[in-house]
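Take a look at the structure below.
The values are calculated or read from the model by the stated rules, or taken from the named source; none is laboratory data. Bear in mind that the values here come from a model prediction, so they are computed numbers and not experimental data. With ideal geometry, Cβ positions are generated from the backbone for all residues, glycine too; neighbour counts draw on all protein chains shown.
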2 protein chains.
Amino acid sequence: MKNLVRAFAPATVANAVSGFDVLGFALQEPGDTVIAKPSEIPGIQIAPLQDSYRNLPTDPRLNTAGVAVQALLDSQNLSVGVDLVIIKGVPIVGGMGSSASSAVAAVVAVNDLFELGISTLDLLPFILESEKAATGVPHADNAAPSLLGGFTLIHSLNPIDVISLPTPESFCCAIVHPDLHIKTKDAREILPKSVSLSTATKQMGHIASFVSGLYTEDMEIIRRSFIDEIAEPHRSKLIPGYDAVKSAAISLGALGCGISGSGPSMFALCANQELAQKAGEAMVGAFHAVGLMSELFISKISSQGARLL
Amino acid sequence: MKNLVRAFAPATVANAVSGFDVLGFALQEPGDTVIAKPSEIPGIQIAPLQDSYRNLPTDPRLNTAGVAVQALLDSQNLSVGVDLVIIKGVPIVGGMGSSASSAVAAVVAVNDLFELGISTLDLLPFILESEKAATGVPHADNAAPSLLGGFTLIHSLNPIDVISLPTPESFCCAIVHPDLHIKTKDAREILPKSVSLSTATKQMGHIASFVSGLYTEDMEIIRRSFIDEIAEPHRSKLIPGYDAVKSAAISLGALGCGISGSGPSMFALCANQELAQKAGEAMVGAFHAVGLMSELFISKISSQGARLL
C-alpha cells in the first residue's frame with residue numbers, strides 16, 4: 001500500500017460522429033485529477049469539490065468516482081478506508097465525459113494505491129458500473145477512451161470488447177461548450193427507436209470507412225466518412241445555431257464537426273493544431289451570433305489516456 | 001486497337017456478413033472469362049454461351065456484359081463493332097456475383113481492346129449500369145471486389161467511393177452452392193424496411209471491428225466481429241438447414257460463416273486453405289442432411305481482382 005497516489009484522466013468525445021454509441025476519443029486536456037490516500041475510517045470519503053462543481057455529490061454512493069472505486073474494492077473483497085480528492089477539470093453536463101473522467105482517474109489511482117495490479121483494460125468494468133449508475137445506461141464510449149487514450153471502438157459491452165484504433169499524431173480537436181444545458185435523458189429521448197435499413201447501411205459504410213482512414217492516415221477518407229446520419233439529424237435540433245457552427249468549422253478546414261457526446265458541446269476534428277484553433281474560434285463566433293456564450297478548448301488527441309501523476 | 005483480348009473477372013462474395021450492402025470480397029476462382037474482338041458489324045455481338053448457361057440472354061441489351069460495354073463505348077462516343085465470347089465459370093443465381101463477373105471481364109477486355117486507357121477504378125460506373133439493369137438496384141459489392149480484388153468497402157455509390165481493404169494472405173474461403181433457387185427480389189423483400197437503433201449501432205460496431213481486424217490481421221477480432229444482425233436473421237429462413245450448415249463450419253474452425261450475396265450460397269471465411277477445405281466439406285454434409293445437394297468451391301481471396309489474360 002502506498003501513502004498517496006495521484007491520477008489524471010482526460011475528457012473525451014463520445015458518439016464521435018461516424019460512430020454513434022461505438023466510437024470515442026480522448027483529449028489531452030482538460031481532465032480530472034484524483035488524489036487517493038488510505039484512511040483509517042473504513043469506506044470511501046470524498047472531499048468537498050471546488051466551488052464551481054459544488055453541485056456534484058460527495059456521497060460516494062452517488063458520485064461516479066465513489067461508485068467505481070467501491071466496485072473495484074468489492075471485486076477484491078477489500079474492506080479498507082480511502083480518501084478521495086477530486087479536482088475537476090472537465091465541465092459537467094457538457095458532453096465531454098465528465099462523469100467518466102472522475103471515475104477513471106479514481107479507479108486508476110486506487111488500483112495503484114493498494115497495489116492491486118489490475119491491468120488497465122480490466123479496470124473498465126468498474127467504471128462502467130458508475131456510468132450505469134450515473135446515466136441509467138451502461139455505455140463505454142467515454143470511459144474506454146478516457147482509460148485507454150486515442151480513438152477507441154466499443155465493439156461490445158457484453159462481453160466487454162474494446163479496440164484501440166490508431167490515432168494520427170497531428171490530429172487536434174476544437175471543443176466548444178455553449179452556455180446551454182441538455183439533459184442526457186432528453187438527448188436520448190429525441191432519438192428515434194429505429195432507423196431505415198438504408199440509413200443503417202450508410203452509417204455502417206461511414207464508420208468502416210473512417211476506421212480505414214485512421215489506419216491509413218488518409219485525411220480525405222476521414223473527411224468523406226466523418227458523417228453522422230443517426231443522431232445528428234435529431235439532436236442538432238436541441239442546439240441553437242447548430243448548422244452555422246458546423247459550417248463555420250468545416251469552412252475553416254475541419255475534417256468534420258459534430259456533437260460531442262450527447263451535447264451541447266460541439267467539436268471539430270482537425271488535421272493539426274492551427275486548423276483547430278481557427279475552427280474553434282469560428283465556432284465560438286457562430287454560437288455568439290445566436291446569442292450563446294461558449295467556452296473553447298483546443299486539445300490534441302491523447303494517445304495515452306489515464307495515467308498516474 | 002488490338003486484334004483480340006481476353007480478360008478474367010472472379011466470383012465474389014457480397015453482403016459479407018458484417019458488411020451488409022457495403023462489404024464484398026473477390027475469390028481467386030471460379031470466374032468468368034471474356035474474349036473481345038473488333039468486328040466490322042457495328043454494335044455488340046455476344047456469342048452463344050455454354051450449354052449450362054444457355055438461359056442467359058445473348059442480346060447485348062439484356063446481357064450484363066453487353067450493357068456494361070455499351071455504357072463504356074457510349075462514354076467515349078465510340079461507334080465500333082465488338083464481338084464478345086463469354087466463358088462463364090461463376091454459377092448463375094448462386095449469390096456469387098455471376099452477373100457482375102461477366103460485366104467486369106467484358107469491360108476490362110474492351111478497355112484494353114480499343115486501348116481506351118481508362119483506369120481500373122474508373123471502369124466501375126459502367127459495370128454499375130449493368131448491375132442496375134440486372135437487379136433494378138445499383139449495387140457495387142460484387143462489381144467492386146471483382147474489379148479491384150480483395151476485401152472492398154463500398155462507402156458510397158453517389159458519388160462512387162470505394163476503399164480497398166487489406167486482405168490477409170492466408171485467408172481462404174469455402175463456398176457451398178446448394179441446389180436451391182432464391183430470387184434476388186424475394187431475398188430483398190424478406191428484409192425489414194427498418195432496424196432498431198440498437199441493432200444498427202451493434203452492426204456498426206461489428207463492421208468497424210472487422211475492418212480493424214483486417215488491418216491488424218488479428219484473427220480473434222475478425223472472428224468476434226464477423227457477425228450479421230441485419231440480413232441473416234431474415235434471409236437464413238430462405239435456406240433449409242442454415243443453422244446446421246453454419247454450425248458445421250464454425251465447429252471446424254471457420255472464422256465466420258454466412259450467406260454469400262443474397263444466397264442461396266453460403267460461405268465460410270477461414271484462416272487458411274486446410275481449414276476452408278474441412279469447413280466446406282462439413283457444410284456440404286450438413287446440406288445433404290436436409291436433402292440438398294450442393295457444389296463446393298474452395299478459393300483463396302484474390303488480391304488482384306480482374307485481369308487481362
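At-a-glance table
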item: Complete set of residues in segment B:102-147 that are of a type in the set (Ser, Thr, Tyr) and within 14 Å of B:Ala306 (Cα to Cα); result: B:Ser102, B:Ser119, B:Thr120, B:Ser146
item: Top-ranked residue in segment A:35-55 [being under 28 Å from A:Asp141 (Cβ atoms) and touching a Leu at 6+ places or on another chain (Cβ under 6 Å); ranked as surrounded by the fewest Cβ atoms within 10 Å (Cβ to Cβ)]; result: A:Leu49
item: Within segment A:184-212, considering residues that are of a type in the set (D, E, K, R) and touching a helix residue (DSSP H, G or I) at 6+ places or on another chain (Cβ under 9 Å), the one surrounded by the fewest Cβ atoms within 10 Å (Cβ to Cβ); result: A:Lys193
item: Those residues of segment A:135-156 which are in contact with a Phe, Trp or Tyr (Cβ under 8 Å, 6 or more places away or on another chain) and at negative phi, in sequence order; result: A:Pro145, A:Phe151, A:Thr152
item: Near pairs, Cβ below 8 angstrom, 6+ apart or cross-chain, from segment B:214-225 (at the interface with chain A (Cβ under 7 Å from one of its Cβ atoms)) to any residue that is assigned to a helix (DSSP H, G or I) and surrounded by fewer than 21 Cβ atoms within 10 Å (Cβ to Cβ); result: B:Tyr215/A:Tyr215
item: Some residue of segment A:234-244 being touching a residue at least 60 places away in the same chain (Cβ under 8 Å), surrounded by 16 or more Cβ atoms within 10 Å (Cβ to Cβ) and of a type in the set (Ser, Thr, Tyr); result: no
item: Some residue of segment B:177-185 being modelled with pLDDT of 95 or more, part of a helix (DSSP H, G or I) and more than 14 Å from chain A (Cβ to nearest Cβ); result: no
item: Of residues in segment A:74-89 being in contact (Cβ under 8 Å) with a residue 40 or more places away in the chain and either of a type outside the set (Val, Ile, Thr) or over 18 Å from A:Leu308 (Cβ atoms) (or both), the one surrounded by the most Cβ atoms within 10 Å (Cβ to Cβ); result: A:Leu84
item: The one condition in (1) out of contact with any Ser or Thr (no Cβ under 8 Å at 6 or more places or on another chain); (2) under 19 Å from A:His177 (Cβ atoms); (3) buried (at least 23 other Cβ atoms within 10 Å of the Cβ); (4) not charged (D, E, K, R) that A:Leu252 fails to fulfil; result: (3)
item: Count - residues of segment B:145-161 that are within 12 Å of chain A (Cβ to nearest Cβ) and at pLDDT 95 or above; result: 6
item: Enumeration of residues in segment A:59-115 that are touching a His at 6+ places or on another chain (Cβ under 8 Å) and at positive phi; result: A:Val93, A:Gly95
item: Hey, A:Gly136 farther than 30 Å from A:Ala244 by Cβ, touching a Gly at 6+ places or on another chain (Cβ under 6 Å) and not assigned by TED's automatic domain parsing to the domain that holds A:Ser265 or not; result: no
item: The lone exception for B:Thr120 - which of (1) modelled with pLDDT under 95; (2) surrounded by fewer than 24 Cβ atoms within 10 Å (Cβ to Cβ); (3) among the hydroxyl-bearing types (Ser, Thr, Tyr) it fails; result: (1)
item: Where a residue in segment B:159-172 is free of Cβ contacts under 8 Å to residues at least 12 places away in the same chain and its partner, wherever it lies, is assigned to a strand (DSSP E or B), with Cβ under 8 Å and at least six apart; result: B:Asp161/B:Ile154; B:Asp161/B:His155; B:Ile163/B:Thr152; B:Ile163/B:Leu153; B:Ile163/B:His155
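Yes/no per residue for (1) in contact (Cβ under 8 Å) with a residue 12 or more places away in the chain; (2) away from chain A (no Cβ under 14 Å):
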{"site": "B:Lys132", "(1), (2)": "no, yes"}
{"site": "B:His139", "(1), (2)": "yes, no"}
{"site": "B:Ser194", "(1), (2)": "no, no"}
{"site": "B:Thr201", "(1), (2)": "no, no"}
